[in-house]
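Presented below is the structure to which this report refers.
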Amino acid sequence: MSLMPIHNQISVDPLSTLLNAIEFKVYNFGRLRVDYPFKQENNLLGNFKLVIINEGKVDLTIDRYAFELHADDIVILPPLMAHTIESKGGISDHYYLHFDTSNISQRVALACLFPKGFAVYPAAFPSVFRPLFEMVDTSVKTKRSGCAYAARCLLQITIGFTQTQTVMKQSITLNPNNTRKQQLVAKAMEYVDRHLYEAISVNDLCNALGVTQSYLRQCFFSVFHMSTKSFLDTYKLHYIESELIQTDRNISDIAARYGYTSIFAFSTLFKKIYHMSPLQYRKAHSH
């Protein structure tokens, strides 16, 4: 008697169709483990961010909502949303992945998967996923061939899995049909991305967008609760922070690369935002 294999046909469901249609762009993938108190206020997102808590406790604040994150929680944050993350001590360990889509319509389609605007999935990280994240983390750090593709595949699998989970009740609503102010802020962020390695003033941004400084300031206060100047001071540091952690490039060279002609002015600004010097920050996050 011979055994016949049983074939289960895979149906094409709407979620699979959507994830196949979206062109994902993965920017940063890494793991951060610290054993000291830290707080990062008003982190600005120009893209989506996926966070997996491995160990410890982290407080996440978005607008007026607060979350206490623990091991195996999965968090997905969308663009145009500022947040504060804080660890009050002990070991804090998490994976992070910054990603986006190829165009604004795909971005809106993806954001619609999280109807509350962002998503916090409690104790949702499957143990079978952990070795995959460790493998991709090693591949990215060593710049192994195919690491970007592996990270993108892992991202799609994780997003697909989260759609079977229950989202925490506390949340904030993101309107996928962006208002005019949200659209203008998005264009401002796109402009900064295109001129990331140049010195950009508020006046430069206003001229590029064809609006007055007062109106652009209103837009940034509406979306991020901060001025245009504060946005410009903070936004580039998000990229510089990654370079400080992930590379051994000279700090003055990094500052110059992003348009800072004075290392003193750069260090002063960095310390104002992160409450420590760039060198201290690099040493604190070195493995």
(request) Can you run down the residue pairs with Cβ atoms below 6 Å, 6 or more apart or on separate chains, where the first is in region 131-146 and under 18 Å from Leu32 (Cβ atoms) and the partner is not aliphatic (A, V, I, L, M)? (result) Phe133/Tyr95; Asp137/Arg31; Ser139/Cys147; Val140/Phe29; Val140/Cys147
(message) Six or more apart or on different chains, Cβ atoms under 6 Å: show the pairs whose first residue is in region 85-99 and in a loop (DSSP other than H, G, I, E, B) and whose second is modelled with pLDDT of 90 or more.
(response) Gly90/Gly56; Ile91/Glu55; Ile91/Gly56
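To keep it simple, each residue is scored yes or no on (1) touching a residue at least 60 places away in the same chain (Cβ under 8 Å); (2) more than 27 Å from Pro78 (Cβ to Cβ); (3) among the polar types (S, T, N, Q); (4) not in a helix (DSSP H, G or I).
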residue: Tyr191; (1), (2), (3), (4): no, no, no, no
residue: Ile240; (1), (2), (3), (4): no, no, no, no
residue: Asp248; (1), (2), (3), (4): no, yes, no, yes
residue: Ser267; (1), (2), (3), (4): no, yes, yes, no
(message) Among the residues of region 110-141, what is the count of those that are under 15 Å from Leu80 (Cα atoms), surrounded by 14 or more Cβ atoms within 10 Å (Cβ to Cβ) and not aromatic (Phe, Trp, Tyr)?
(response) 5
(request) Could you check how many residues of region 1-45 are out of contact with any Ser or Thr (no Cβ under 9 Å at 6 or more places or on another chain) and closer than 15 Å to Thr84 by Cα? (result) 1
(request) Keeping to region 178-220, report how many residues are touching a Ser or Thr at 6+ places or on another chain (Cβ under 7 Å) and under 24 Å from Arg107 (Cβ atoms). (result) 4
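The values are calculated or read from the model by the stated rules, or taken from the named source; none is laboratory data. Predicted model, so just to flag it, every value in this text is computed and none were measured. Because the Cβ atoms are built from the backbone with ideal geometry, glycine has one as well, and the counts that use them run over all protein chains shown.
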